[in-house]
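Quick one: the structure is below, questions incoming.
The values are calculated or read from the model by the stated rules, or taken from the named source; none is laboratory data. Bear in mind the structure is a predicted one, so any value in this text is a computation, not a measurement. Here Cβ is always computed from backbone atoms with ideal geometry, including for glycine, and neighbour counts include all displayed protein chains. Surface accessibility is based on the protein's heavy atoms, side chains included, excluding ligands, DNA and RNA. Shrake-Rupley method; radii C 1.70, N 1.55, O 1.52, S 1.80 Å.
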Amino acid sequence: MNSSNTVSILGLGPMGHAMAAAYLDAGYGVTVWNRSAGKDEELLGRGARRAATAAEAVAASPVTVLSLIDVDAMYPSLDGADLTGRVLVNLSSDVPEKARAAAEWAAARGASYLTGGVTVNPSGVGKPDSQIFVSGSEEAYEAHRATLDVLGATDFQGSEPGLAQLHYQLGMTMFWTAFTGFQQAVAIARANGLTAADILPHARATAESLPGFFDWSGALIDADDHSGEDARLAMCAASVEHVLHTASAAGIDTGILAAHAALYRRGIEAGFGADGTTRLVDLLAEPA
Ligand code: NDP
């Protein structure tokens, strides 16, 4: 096996484990390391090689993929490792500043560094349409793109190392608020004697309507058009109050919905009632 078909994986949580498995499926020679013992048995049974230290794993392959809890976990793991000429691909989720600092840290030790955000759960790893944001060394990306694409469809965002994490966090901003919104709706439903299964078809329809709202409002926001012709902020604020009231009447937690209603009230108080909801972007642009 030539060295371009070898890869090392640091971190064998569910995500790193799925990555190592995807490389084994693709016929790569895979070296694995995990901080604590006992997570590599199945992979070893399938032909992976165990490294006693992260430094040994980095030495074993030109490309090392990191899947740790966060970026900070990289530093103690690679303490003392010779990184000269190595390519580190850190797919641990974190914030853009940490990605930039890590890229500088790696460059100071002679390594090329790519940072990335995986937008799918472990079962999506290895599927060709699974999106993985990547940014950092373009040279390293071009040289090793085929290896990275084993994990999914890598989406290179440019040489600024924080960009992949920025795009990842933008996606997570929408994901977490929407997913928590679903759980909030289920809590209201359950308080009214309905199950999650009862509302799933409606939940799905609501979720499927969102891309249309993104397209419509995104174009208006970029055009700085807040005319509110189709939907005034005042109308939307009334709707948001109805949601808050329905949760309150159900006797459940209203913390998230109260914060949401407060944002819309702030828009009304700022005199934007006759404008579109796109005005909220301006309100959100500074601390409340
Ligand atoms: P886990 O929390 O299950 O695993 C974390 C890994 O990090 C383990 O290998 C753990 O080692 C290691 N680790 C934690 N702290 C340290 C440390 N201080 N030094 C060295 N190693 C450390 O995470 P996942 O596998 O689920 O996820 C890994 C990354 O992938 C995360 O950044 C996550 O945000 C991202 N991701 C995960 C998704 C998912 O659905 N799981 C989806 C999208 C992204 P040990 O076993 O010794 O504790």
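Please specify each residue of the stretch 70-90 satisfying the condition of being in contact (Cβ under 8 Å) with a residue 40 or more places away in the chain, open to solvent by 20 Å² or more (accessible area, probe 1.4 Å) and closer than 20 Å to residue 134 by Cβ.
73
Look at residue 198 and say whether it is of a type in the set (Asp, Glu) and surrounded by fewer than 15 Cβ atoms within 10 Å (Cβ to Cβ).
Criteria met by residue 198.
Which of (1) farther than 17 Å from residue 8 by Cβ; (2) free of Cβ contacts under 8 Å to residues at least 40 places away in the same chain; (3) open to solvent by 60 Å² or more (accessible area, probe 1.4 Å); (4) part of a loop (DSSP other than H, G, I, E, B) is the odd one out, the single condition residue 120 does not satisfy?
If we test residue 120 against (1) farther than 17 Å from residue 8 by Cβ; (2) free of Cβ contacts under 8 Å to residues at least 40 places away in the same chain; (3) open to solvent by 60 Å² or more (accessible area, probe 1.4 Å); (4) part of a loop (DSSP other than H, G, I, E, B), just (3) comes out false.
Scanning for something under 29 Å from residue 210 (Cα atoms), within 13 Å of the chain's Cα centre (by Cα) and either modelled with pLDDT of 95 or more or open to solvent by less than 20 Å² (accessible area, probe 1.4 Å) (or both), does the stretch 134-152 turn up at least one residue?
Checking the stretch 134-152: at least one residue is under 29 Å from residue 210 (Cα atoms), within 13 Å of the chain's Cα centre (by Cα) and either modelled with pLDDT of 95 or more or open to solvent by less than 20 Å² (accessible area, probe 1.4 Å) (or both).
Within the stretch 166-183, is even one residue open to solvent by 80 Å² or more (accessible area, probe 1.4 Å), touching a residue at least 24 places away in the same chain (Cβ under 8 Å) and outside any strand (DSSP E or B)?
no
Further question on the same structure: Within the stretch 235-288, which residues are outside any helix (DSSP H, G or I), charged (D, E, K, R) and open to solvent by less than 60 Å² (accessible area, probe 1.4 Å)?
275
Would you check if there is a residue in the stretch 92-111 being open to solvent by less than 10 Å² (accessible area, probe 1.4 Å), within 10 Å of the ligand (Cβ to nearest atom) and either in the same structural domain as residue 23 (by TED's automatic domain parsing) or under 17 Å from the mean Cα position of the chain (by Cα) (or both)?
yes
In addition: Mind listing whichever residues of the stretch 50-78 are more than 15 Å from the ligand (Cβ to nearest atom) and under 15 Å from residue 16 (Cβ atoms)?
Within the stretch 50-78, 61, 63 meet the criteria.
Okay, next question. What are the residues in the stretch 132-154 that are part of a loop (DSSP other than H, G, I, E, B) and closer than 20 Å to residue 100 by Cβ, if any?
The one that is part of a loop (DSSP other than H, G, I, E, B) and closer than 20 Å to residue 100 by Cβ: 137.
Rundown of residues vs (1) of a type in the set (A, V, I, L, M); (2) farther than 23 Å from residue 122 by Cα, yes/no style:
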site: 16; (1), (2): no, no
site: 44; (1), (2): yes, no
site: 48; (1), (2): yes, no
site: 71; (1), (2): yes, no
site: 76; (1), (2): no, yes
site: 80; (1), (2): no, yes
site: 92; (1), (2): no, no
site: 96; (1), (2): no, no
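Taking the stretch 35-52 as the region of interest, how many residues are within 28 Å of the chain's Cα centre (by Cα) and open to solvent by less than 80 Å² (accessible area, probe 1.4 Å)?
The total comes to 5.
Does residue 30 count as under 13 Å from residue 147 (Cα atoms) and either surrounded by fewer than 21 Cβ atoms within 10 Å (Cβ to Cβ) or in contact (Cβ under 8 Å) with a residue 60 or more places away in the chain (or both)?
Spelling it out, it is not the case that residue 30 is under 13 Å from residue 147 (Cα atoms) and either surrounded by fewer than 21 Cβ atoms within 10 Å (Cβ to Cβ) or in contact (Cβ under 8 Å) with a residue 60 or more places away in the chain (or both).
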